[in-house]
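Everything below concerns the one structure shown next.
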Amino acid sequence: MVNLTIDNQKVSVPEGTTILNAAKEVGIDIPTLCYFKGFDPEGSCRMCLVEVVGARRLETACSTPVGEGMVVYTNNAVVRKARRFVLKMLFSDHTFDCFTCYKFGTCRFVDLNGNCIEYDEVKSFGQSLEKGQPIDDSSPFYTYDPNKCILCNRCVKVCEHLQCNHVLAKCDRGYETNINPVFDMLRGDKNSNCVNCGNCIAECPTGALAPKKFMPLPYTDTVETICPYCGVGCTLKLKVRDNKITDVMSVPGNVNNNLLCVKGRFAHDFVASEDRLKTPLIRKNGVLEEATWEEAYDLITQKLKEAISEGPQAVAGFSSARCTNEENYLFQKFIRSVGKTNNVDHCARLCHASTVAGLAKSFGSGAMTNSIEEVDVMDVILVSGSNTTETHPVIGAKIKQRVQKGAALIVAEPRKIELAKYADVYLQIKPGTNVALFNGLMKAILDEHLEDRDFINERTENFDALEEYLSTITVEECAEICGVDPEEMRKAARLYATKDKGGIFYSMGVTQHATGTDGVMSTANLAMITGKIGREGCGVNPLRGQNNVQGACDMGALPGDFTGYQKTNNPDVLAKFEQAWGTELPTNAGHTITEIVDDVDKNIVKFLYIMGENPLVSDPNTNHVKEAFEKANFIVLQDIFLTETSEYADVVLPAMVYAEKDGTFTNTERRVQLLRKAVKAPGVAKEDWRIICELAQRMGAEGFDFNSSAEIMDEIASVTPSYAGVSHERLERGDRIQWPCPDKESEGTKFLHKGQFTRGKGMFNVAHYIAPEDQPDETYPMILMTGRILQHYHTRTMTKRTAGIQEIVGDPFFEINPKTAEENGFSEGQFIQVTSPRGSVTAKAVYNKGIQENTLFMPFHYGDKGANCLTGGKVDPIAKIPPFKVCKVFLEEAK
């Protein structure tokens, strides 16, 4: 410890502490502009000058370490005079348009802590050195005004060390210096690596970086809430004025710790879109016409009663990963207790049902085992089946941060994604070979005796069966199936096995196959064979694609599960929920999304209630879904816009978006987070939970008389052991809760399976590699993969309302290797037609050298003429997930 005196206060701090941080320890705030917590000090702005007795000059507090016996003055006449001069010099070339500046009211120039100088006095210094440089407005989302830039380098640091995109650098020299993308490119240049995350804007102390859309006058309110996009669950702060969101800011701490992606920061235009549904609609003579809530409810209840009279298979419901926990809970309760059927499902069926099934079989719990923050302690990270920097950008950034600090990275992906550039080992596996990949890694580990025998013996069972199976295969055989070098596979296995702490991250590249459950169980096998589970920084981490996929599953929006994965076919569980809900519940075997579509086609399902889903885009084999819905007896759609699915709806009910209601989301790491109302909904739109309650009451059902989402959560806690300690009251006071949270005193669970697995001992499950059903042949010589891209979300219902996103990726496209394109006579930008056994799609060709030859990639976001017109086939026999990732196709010139 070092002892010193700051402004006559005695201070004792660890050796190496800077004067700036030592002053903070005793409540002395020294003004800064360039200081960035957690990074090497710049000392460039000179605002933090202090007097150190005995020193020859004033010192910068942010970069000067303390010394024993040091005497420091932070605010005497000498210091104030120096800071005044520094501030005047910074202002001398600064453009003054304060009342129209993005930072008006929050500018560090105007609101510096400490007694630096009065604003008018600074301005009187004059602006004889004003730069007059052109503003860079090439980005569709934000501008850079070099005339307001003080060259503090904060934007460079956030881009390099937090976002890890390495886009920005100081360009030119002397007085002409500015900060631009490397090689002095414009920010909107297509060759720039800028991903428009806007994290540089958040860290800019002046108005040099500003979003293009903002209201310069002060906002009237700020509301902290949760991002409505991917499963990371980032915290947002919404600025609101006149019932409009005027800006979106990130906040320190929480899941994202100030980071956001392009969607989270900029894609909120949909909230105030003129296209929003404002009133109920009823189809009359083939046309949707405005109606009252009473008219809509009367028709729905009539049709629902008619369907119920025909038996449990005549009613079905699609719940939504975009709705809150409370709304998903009530929806499945409504379908089961009012609709008298277990035919309830949601989009997790199409992405992570195999995770729920596979990890439950292996560990006893089908959820992400670690916290996002544990990335910071991992020594090795294995990513497969996840384009993490695009689908879960903040987690992708955290992985890159950890790699920059020395962690090893293994990436196994058919496309050369961004993370592959950071990888110690990159295995470009063939699509659909995940099981062979994990078997090969485990075989290599056993061959070199790198397995953790103590962990295997103490905490697992059935290892003998796996070991016996692995003895019948070779690394070479697995590598040949995957199309990779066996030595690289061994290198990856060695790297993963020999590091102390390691995490596996995967998403739909592992799950969306007919063998998805086997792929998931294989990740569990790999973690257990090396003892990398049940410890901090060790585990298996399925990344949920939508904001509340985890929560919708937790809430029982699945055909075979009540809340907390309590099985519907368990008599004790059934009796428990019958008592809690005060009604007799159905015992039929519930059908999944794809099965329900088939039932609609066969006229078995007479009444289909869809809340917040758009199956005409998200479901496989779109043409089949269209044909089924054209035959539908009665469809109710509850949504925020007229979607592709609304063309087949008989009644459309207007719902509220995330910013218009209270509730909770559960993110990918099992963290339950509070959603808060920020603006009022348009027209007579209602919360999804309120609509469900009113419909249930119209049907004469009891147990739906809730007055708030907080009351609904209390009921959820009463019937769900893993949520028993969760309440809005706790979340409102700042408790950060990850389930399982068994009681009100529990802080929740940071990582799962400490000491023992949920099922007792971990189960090794043998997974044999089975080739995908779709294989290239003479008719269909190529393979198509589908997936997400950074800028769009799910079926584009929300993101296509943001002009900047449409400017960048407004149209569908196929990624194709340049060599494949040339061999087939196509050039980049040309429209090509791609045909599978299930349909044809036309879109532009975009070159990507990182994709394998004779392989295509298409985002699934684009409407009812998009990728899912091509996908389909035999589903996973356990999870009932269709094979989205491997689809045989042929190419031809667009007709």
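For Asp639, are the conditions met, namely being buried (at least 21 other Cβ atoms within 10 Å of the Cβ), in contact (Cβ under 8 Å) with a residue 40 or more places away in the chain and among the acidic types (Asp, Glu)?
yes
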- Task: Answer yes if at least one residue in region 39-53 is loosely packed, with under 15 Cβ neighbours inside 10 Å and in contact (Cβ under 8 Å) with a residue 24 or more places away in the chain, and no otherwise.
- Result: yes
Discussion item. Criterion first (surrounded by 21 or more Cβ atoms within 10 Å (Cβ to Cβ) and either touching a residue at least 12 places away in the same chain (Cβ under 8 Å) or not assigned by TED's automatic domain parsing to the domain that holds Gly253 (or both)) does Pro31 satisfy it?
Written reply: yes
Note: among Thr583, Thr592, just one is more than 29 Å from the chain's Cα centre (by Cα), assigned by TED's automatic domain parsing to the domain that holds Val338 and among the hydroxyl-bearing types (Ser, Thr, Tyr), namely Thr583
Taking region 791-819 and keeping only residues that are of a type in the set (D, E, K, R) and more than 18 Å from Ala272 (Cβ to Cβ), one is left with Glu807, Asp811, Glu815, Lys819
Q: Evaluate region 543-556: report whether one residue or more is touching a Pro at 6+ places or on another chain (Cβ under 6 Å), within 30 Å of Gly311 (Cα to Cα) and not in a strand (DSSP E or B).
A: no
The one condition Tyr142 fails out of (1) among the hydroxyl-bearing types (Ser, Thr, Tyr); (2) surrounded by 24 or more Cβ atoms within 10 Å (Cβ to Cβ); (3) out of contact with any Pro (no Cβ under 9 Å at 6 or more places or on another chain) is (3)
Over 20 Å from Lys24 (Cα atoms) and touching a strand residue (DSSP E or B) at 6+ places or on another chain (Cβ under 7 Å), is that true of Val52? no
Q) For region 812-820, does any single residue satisfy the condition of being within 29 Å of Thr355 (Cα to Cα), hydrophobic (A, V, I, L, M, F, W, C), buried (at least 22 other Cβ atoms within 10 Å of the Cβ) and in contact (Cβ under 8 Å) with a residue 24 or more places away in the chain? A) yes
Scanning region 273-290 for residues that are of a type outside the set (Lys, Arg) and in contact (Cβ under 8 Å) with a residue 60 or more places away in the chain, the one nearest to Ala655 (Cα to Cα) turns out to be Leu277
If you go through Cys538, Cys553, the only one that is hydrophobic (A, V, I, L, M, F, W, C), under 30 Å from Glu373 (Cβ atoms) and modelled with pLDDT of 95 or more is Cys538
Exercise. Quick check: is even one residue across region 248-259 farther than 30 Å from Asp376 by Cα and either in contact (Cβ under 8 Å) with a residue 40 or more places away in the chain or out of contact with any strand residue (DSSP E or B) (no Cβ under 8 Å at 6 or more places or on another chain) (or both)?
Worked result: no
Could you tell me whether Asp221 is without any contact (Cβ under 8 Å) to a residue 60 or more places away in the chain and at negative phi?
no
Q: State whether the residues of region 629-649 include one that is among the basic types (Lys, Arg) and out of contact with any strand residue (DSSP E or B) (no Cβ under 8 Å at 6 or more places or on another chain).
A: yes
Exactly one of Gly560, Gly556 is of a type in the set (Gly, Ala, Ser), closer than 30 Å to Lys761 by Cα and surrounded by fewer than 24 Cβ atoms within 10 Å (Cβ to Cβ), and that residue is Gly560
For region 753-781, pairs from a residue that is under 30 Å from Phe890 (Cα atoms) to a residue that is polar (S, T, N, Q), with Cβ under 6 Å and 6 or more apart or across chains, are Ile770/Thr515
Residue hits (region 5-34; touching a helix residue (DSSP H, G or I) at 6+ places or on another chain (Cβ under 7 Å) and aliphatic (A, V, I, L, M)) are Ile6, Val11, Val13, Ile30
Residue hits (region 652-687; touching a His at 6+ places or on another chain (Cβ under 8 Å) and assigned to a strand (DSSP E or B)) are Thr664, Leu674
Taking region 416-475 and the residues there that are in a helix (DSSP H, G or I) and hydroxyl-bearing (Ser, Thr, Tyr), the one that is farthest from Ser522 (Cα to Cα) would be Tyr422
Among Ile300, Ile308, the single one that is surrounded by fewer than 21 Cβ atoms within 10 Å (Cβ to Cβ), at pLDDT 95 or above, in contact with a helix residue (DSSP H, G or I) (Cβ under 8 Å, 6 or more places away or on another chain) and β-branched (Val, Ile, Thr) is Ile308
Subset of region 313-336, residues among the small types (Gly, Ala, Ser) and crowded, with 24+ Cβ neighbours inside 10 Å, comes to Ala316, Gly317, Ser319, Ser320, Ala321
Checked region 763-807 for anything within 17 Å of Phe857 (Cβ to Cβ) and outside any loop (DSSP other than H, G, I, E, B); matches are Met782, Ile783, Leu784, Met785, Thr786, Gly787
Of the residues in region 55-66 that are in a loop (DSSP other than H, G, I, E, B) and in contact (Cβ under 8 Å) with a residue 12 or more places away in the chain, the one that is farthest from the chain's Cα centre (by Cα) is Leu58
Here, strands (runs of 3 or more DSSP E) confined to region 830-895 with at least 3 residues that are surrounded by fewer than 22 Cβ atoms within 10 Å (Cβ to Cβ) are 831-836, 839-847, 887-893
**Request:** Would you be able to say whether some residue in region 438-460 is touching a strand residue (DSSP E or B) at 6+ places or on another chain (Cβ under 8 Å), surrounded by fewer than 22 Cβ atoms within 10 Å (Cβ to Cβ), touching a residue at least 60 places away in the same chain (Cβ under 8 Å) and among the charged types (D, E, K, R)?
**Result:** yes
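The values are calculated or read from the model by the stated rules, or taken from the named source; none is laboratory data. Nothing here was measured: the structure is a model prediction, and the numbers come from that model. Positions of Cβ are backbone-derived with ideal geometry, glycine not excepted, and every protein chain shown enters the neighbour counts.
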